[in-house]
Every structure is written in structure tokens, then in C-alpha cells.
1. Being within 24 Å of Y60 (Cβ to Cβ) and in contact with a helix residue (DSSP H, G or I) (Cβ under 9 Å, 6 or more places away or on another chain) is the filter here, so list the residues in segment 77-128 that pass it.
2. Please tell me if V313 is among the β-branched types (V, I, T) and closer than 17 Å to V236 by Cβ.
3. When segment 79-107 is examined, which residues are found to be among the small types (G, A, S) and either closer than 16 Å to G128 by Cα or open to solvent by 30 Å² or more (accessible area, probe 1.4 Å) (or both)?
4. What is the residue count in segment 256-308 for residues that are assigned to a loop (DSSP other than H, G, I, E, B) and either open to solvent by 60 Å² or more (accessible area, probe 1.4 Å) or among the basic types (K, R) (or both)?
5. Going by what's in this entry, would V72 be described as without any contact (Cβ under 8 Å) to a residue 60 or more places away in the chain and under 17 Å from the mean Cα position of the chain (by Cα)?
6. Look through segment 26-51, keep the residues that are over 24 Å from I276 (Cα atoms) and assigned to a loop (DSSP other than H, G, I, E, B), and return whichever of them is least open to solvent (accessible area, probe 1.4 Å).
7. For V129, which of the numbered conditions (1) surrounded by fewer than 20 Cβ atoms within 10 Å (Cβ to Cβ); (2) without any contact (Cβ under 8 Å) to a residue 60 or more places away in the chain fails to hold?
8. Being of a type in the set (G, A, S) and touching a Gly at 6+ places or on another chain (Cβ under 9 Å) is the filter; apply it to segment 108-126 and report the residue that is surrounded by the most Cβ atoms within 10 Å (Cβ to Cβ).
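The values are calculated or read from the model by the stated rules, or taken from the named source; none is laboratory data. Computed from a predicted model, the values in this text were never measured in an experiment. Here the Cβ is made from the backbone with ideal geometry for all residues, glycine too, and neighbour counts use every protein chain on show. Side chains included, ligands, DNA and RNA excluded: accessible areas come from the protein's heavy atoms. Shrake-Rupley method; radii C 1.70, N 1.55, O 1.52, S 1.80 Å.
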Amino acid sequence: MSLVPSVPINESPLFAEVDMGSDSSAPTVRATVVQASTIFYDTPATLDKAERLLAEAAGYGAQLVVFPEAFVGGYPRGSNFGVTIGNRTVKGKEEFRKYHASAIDVPGPEVDRLAAMAGKYRVYLVMGVIERDGYTLYCTVLFFDSQGRYLGKHRKVMPTALERIIWGFGDGSTIPVFETPIGKIGAAICWENKMPLLRTAMYAKGIEIYCAPTADARDVWQASMTHIAVEGGCFVLSANQFCRRKDYPPPPEYVFSGTEEELSPDSVVCAGGSVIISPSGTVLAGPNYDGEALISADLDLGEIARAKFDFDVVGHYSRPEVLGLIVRDHPTSPVTFTSSSSLKTEGLQKS
């Protein structure tokens, strides 16, 4: 027996059919991830290449452009910097000197140029760099708005394996999520994307466009990116370099430790795999393993609310009375200076 009476001819139905198409009131953002190689040990040439790629992406209508991990300054794939436990070689120290010279100061002239590029092409820019802070290097992501303003940075909080020999560790003061007219944008770099507590901190800040610059071209990386998109109810934009051996200096100047003898100039040493994934886990563009490329997709921001209806990890699906997270988001420093005037003030307060 039918519980709903049939509609007589020539009468309107009680309930109109619901259109489940995209919400026309929700904005759409054209996003591009760049899959390209650094010009190693040549930061000015790398910046020139970045501008060419940025101009091309803007010509295709990109509003947001994401570059790979360490694009400016270079990802030193295959190098061990002459390090073994208890020993460093002279050649390895010289390699670090050259790598340090290729890094950039933040702020600095290269940051100014990147900001100008973002403003010139009217795009939001997320750029992976090697940041130089004195004689310590950081794997960093810089953020710029479409008006040519530098917004801030994220320092990789946990370098992986031998990366810890050459890069310092970021702290909780550089885990930003920027609220912009095209959405809330943040980034985590390569394997720190596997850190559940770091991801949770970013979800709590309301991230909507989650950028994941990486150096990982393995198939399993795609599973991580899909999981993060579904877990966070956010768009995930992962950009990786596509590199051949000839994109690095030739031996003996630069040696891929343990594999150099097997490589020809055209050997692929990083296969890319850049990808854009929706909050529902749908792959919108990529993964690309074919070469240097601009990989673009239109992000329907209405998809975020539809995904959060199912699962909001820091909202209705959280259990704060059972599980909680404390994020120490203040800068950490090994040395703190207290001026004599502040000491006098403290003394007066105590007396």
C-alpha cells in the first residue's frame, strides 16, 4: 500500500523536486598546482622560471597557484652532504655552503620579488622555499595575496630522515591559516602531512584550501592526500617537482649517493604526482607523472559545506570531553634578552 497518494492529473505535486546541483551562490576558485623543477644552485634563474610559470597559469585564469616544496632553493634529492655518524667530509661542508648561498632571507629581496609577481598577475601565491635564518636553513612555504602583499610563512615542523641534518625545525608560531576572499588557505609540507595533531590544528583554524607541497612521488602519497581531503572536509592541492638527473649539476659537483652510476641525464629522479582533490575525495585534476605541467581545477567552495554535513572533525564529530589537543603557538628561541629598563621595572613592581 502506498503511503503517499498519487497526484491527480493537472494538480501540482505537494513537494517539488530538489535540485542537487552545485550551489550557484557558492564561489568557484580556479586553482593551479605547478609541477616543475628547480634550477639547482641558481636562485635568480629559478625565480625567472617561477615568473614564467606564474604568468602562464594566470593566462589560464588561475586565481591561486601552488608551487612544490623547496622550489626556490632546491630539494637536495640524493645528496647526503658527506655525513656519517661521527664524521663530516670537506666536500659535504662545501655542498652545504653552496646550498646555504642558494637559500633566501625572509623578509628579503627574493620575497619582495615574489610579492611583486603575485600582484602583477593578480593571483594568490603559495611558494615552497628554502629559508635562510642566519646559518640555519628551514624548509618553508610563503604566502602572498593577489594584491602583491606577503601574508606570512609556514616552517616545516618535522624534517624527515637526513633532512634533519640540513634543515631546522619549525615551531607552533608558523602554522597559519589565512582568511582570504577565495577561502581559508594554509599549508603542510611533505611528510608532516602524516602528523594527525598538526592536521587537527589546521582543521581547527578552519582551513578550506589545504596546500601540500611535497617531494614524495610515490603512489601511496595519493592515498594520504585523499584521506586528508575527506578527513578535513577541504580541498587538497599537492604540488611536487618533476625532475630529471640533468636538472641537477653533473657529477662530481653533485652526486646522487648510491645511485649515480645507474642514472643517465634523462633519468627521472622525481616523477611528480601533483594532484587536486575535493572535500568528497574526488580527484579533480592529476595525478600527473608525465613531466613538467600546470595542473588546474575549478574548486566549488560549496562542496565544503556538503562534506562537513557528513563529517566535521573539529565540530559535530569531535568529542572534546574525551579527546583534546593543546597547540603551543608561541615562538621558541634558545636565547632571550631582557633589557635593563625592564629589569628595573620588575624590581619596582616587586618592591
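1. So the first thing to find is which residues in segment 77-128 are within 24 Å of Y60 (Cβ to Cβ), and the list is 113-128.
If the condition is that a residue be within 24 Å of Y60 (Cβ to Cβ) and in contact with a helix residue (DSSP H, G or I) (Cβ under 9 Å, 6 or more places away or on another chain), then R113, L114, M117, A118, K120, Y121, R122, V123, Y124, L125, M127 are the ones that fit.
2. Details: among the β-branched types (V, I, T): yes; closer than 17 Å to V236 by Cβ: yes.
For V313, the condition - among the β-branched types (V, I, T) and closer than 17 Å to V236 by Cβ - is met.
3. In the first step, residues of segment 79-107 are kept if they are among the small types (G, A, S); the result is 79, 82, 86, 92, 101-103.
Once the filter is applied, which keeps residues that are among the small types (G, A, S) and either closer than 16 Å to G128 by Cα or open to solvent by 30 Å² or more (accessible area, probe 1.4 Å) (or both), segment 79-107 yields G86, A101, S102, A103.
4. Step one: of segment 256-308, the residues assigned to a loop (DSSP other than H, G, I, E, B) are 256-259, 263-267, 272-273, 278-282, 289-292, 301.
Okay, now just the ones that are also either open to solvent by 60 Å² or more (accessible area, probe 1.4 Å) or among the basic types (K, R) (or both), so 257-258, 265-266, 280, 282, 289-290, 292.
Number satisfying all stated conditions: 9.
5. Numbers: without any contact (Cβ under 8 Å) to a residue 60 or more places away in the chain: yes; under 17 Å from the mean Cα position of the chain (by Cα): yes.
So V72 fits the description; yes.
6. Per the criteria, the residue is F40.
7. Among (1) surrounded by fewer than 20 Cβ atoms within 10 Å (Cβ to Cβ); (2) without any contact (Cβ under 8 Å) to a residue 60 or more places away in the chain, the lone unmet condition for V129 is (1).
8. A118
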